[in-house]
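Structure first, then comments.
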Amino acid sequence: AQTVTQSQPEMSVQEAETVTLSCTYDTSESDYYLFWYKQPPSRQMILVIRQEAYKQQNATENRFSVNFQKAAKSFSLKISDSQLGDAAMYFCAYRSGSGANSKLTFGKGITLSVRP
Amino acid sequence: GAGVSQSPSNKVTEKGKDVELRCDPISGHTALYWYRQSLGQGLEFLIYFQGNSAPDKSGLPSDRFSAERTGGSVSTLTIQRTQQEDSAVYLCASSLAGHLSGNTIYFGEGSWLTVV
């Protein structure tokens, strides 16, 4: 079974600075997808960024980028120029490339606070 | 609708009562998921529906939990004889066909269940 590990329960960053959130996963599959979701106090899970395992290039979405290390099974999220609105809980998630098992497996999440 | 809609948004019930939580997925999404999130915790998979296929019920914690999806659209999660440990946010999500595993999973705002 696939597992996703987020070992840091909390992190803090100064506004306008850069922060990196760590995630590792375990799988025997070669075809899969990785995601970072943001959950603000409103509870709405919002997709931040996604990465296809077959792509070597790291995904980027504006101030958000990932460092995908497939051999190390590592998938960290970098937030540049942090803003107060980035404060939230962030979840790393794995989804199998096999249609028979396409549910998302989540890590326990990390709470990010942004200091003004 | 424009997004995944869940009702009720908040529900307080007495221990031992049955509750029903409703999810209306994004129009055209054939895959539907239920997750549970306990306070400050990650997301726990409960059940997954894909079209007319038999649902993946592997995450249901006990036989007090059941879910159905009528007409391939709206889903109802039922918890019988509620216990205090059932208190959590129940999140519903949907996506395009499950075999297209790269498709993003979109979440509703959740139903916050409190058992007193």
Exactly one of (1) closer than 26 Å to A:GLN51 by Cβ; (2) within 8 Å of chain A (Cβ to nearest Cβ); (3) open to solvent by 50 Å² or more (accessible area, probe 1.4 Å) is unmet by B:GLY28. Its number? (2)
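Let's see how each residue does on (1) farther than 30 Å from A:PRO9 by Cα; (2) touching a His at 6+ places or on another chain (Cβ under 7 Å):
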| residue | (1), (2) |
| --- | --- |
| B:LYS15 | yes, no |
| B:GLY42 | no, no |
| B:LEU60 | no, no |
| B:SER87 | no, no |
| B:SER94 | no, yes |
Mind checking which residues of segment A:1-44 are open to solvent by less than 50 Å² (accessible area, probe 1.4 Å), part of a loop (DSSP other than H, G, I, E, B), touching a residue at least 40 places away in the same chain (Cβ under 8 Å) and not polar (S, T, N, Q)? A:CYS23, A:PRO40
When restricted to B:TYR48, B:TYR33, B:TYR106, the only residue out of contact with any Phe, Trp or Tyr (no Cβ under 9 Å at 6 or more places or on another chain), at pLDDT below 95, hydroxyl-bearing (Ser, Thr, Tyr) and under 18 Å from A:LEU104 (Cβ atoms) is B:TYR106
Could you list all residues from segment A:66-91 that are aliphatic (A, V, I, L, M) and under 17 Å from A:ILE46 (Cα atoms)? A:VAL66, A:LEU77, A:ILE79, A:LEU84, A:ALA87, A:ALA88, A:MET89
May I ask you to list the residues in segment B:5-21 that are of a type outside the set (Val, Ile, Thr) and part of a strand (DSSP E or B)? B:SER5, B:GLN6, B:SER7, B:ASN10, B:LYS11, B:GLU20, B:LEU21
Against the conditions (1) modelled with pLDDT of 95 or more; (2) under 15 Å from A:LEU112 (Cα atoms), where does A:ARG43 fall short? Just the number, please. (1)
If we keep just the residues of segment A:65-116 that are assigned to a loop (DSSP other than H, G, I, E, B), out of contact with any Phe, Trp or Tyr (no Cβ under 6 Å at 6 or more places or on another chain) and free of Cβ contacts under 8 Å to residues at least 12 places away in the same chain, which is nearest to A:PRO9 (Cα to Cα)? A:ALA71
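Conditions tested, residue by residue: (1) outside any helix (DSSP H, G or I); (2) under 12 Å from the mean Cα position of the chain (by Cα); (3) at pLDDT 95 or above.
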residue: B:CYS23; (1), (2), (3): yes, yes, yes
residue: B:HIS29; (1), (2), (3): yes, no, no
residue: B:GLN41; (1), (2), (3): yes, no, no
residue: B:SER58; (1), (2), (3): yes, no, no
residue: B:GLY71; (1), (2), (3): no, no, no
residue: B:THR78; (1), (2), (3): yes, yes, yes
residue: B:ARG81; (1), (2), (3): yes, no, yes
residue: B:GLY102; (1), (2), (3): yes, no, no
Every residue in segment A:81-102 that is open to solvent by 40 Å² or more (accessible area, probe 1.4 Å) and not aliphatic (A, V, I, L, M), please. A:ASP81, A:GLN83, A:GLY85, A:SER98, A:ASN101
If A:ASN62 satisfies every condition in (1) on the phi > 0 side of the Ramachandran plot; (2) surrounded by 14 or more Cβ atoms within 10 Å (Cβ to Cβ); (3) free of Cβ contacts under 8 Å to residues at least 60 places away in the same chain but one, which is the exception? (2)
The one condition A:LYS70 fails out of (1) under 30 Å from B:SER9 (Cα atoms); (2) more than 10 Å from chain B (Cβ to nearest Cβ) is (1)
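For every residue, the table says whether it meets (1) surrounded by 14 or more Cβ atoms within 10 Å (Cβ to Cβ); (2) among the hydroxyl-bearing types (Ser, Thr, Tyr).
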{"site": "B:SER62", "(1), (2)": "no, yes"}
{"site": "B:LEU77", "(1), (2)": "yes, no"}
{"site": "B:GLN83", "(1), (2)": "no, no"}
{"site": "B:LEU91", "(1), (2)": "yes, no"}
{"site": "B:PHE107", "(1), (2)": "yes, no"}
{"site": "B:LEU113", "(1), (2)": "yes, no"}
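The values are calculated or read from the model by the stated rules, or taken from the named source; none is laboratory data. In this text, all values refer to a predicted model and were calculated from it rather than measured experimentally. Cβ: placed from backbone, ideal geometry, glycine included. Neighbour counts: every protein chain shown. Note: areas computed on protein heavy atoms with side chains; ligands, DNA, RNA excluded. Shrake-Rupley method; radii C 1.70, N 1.55, O 1.52, S 1.80 Å.
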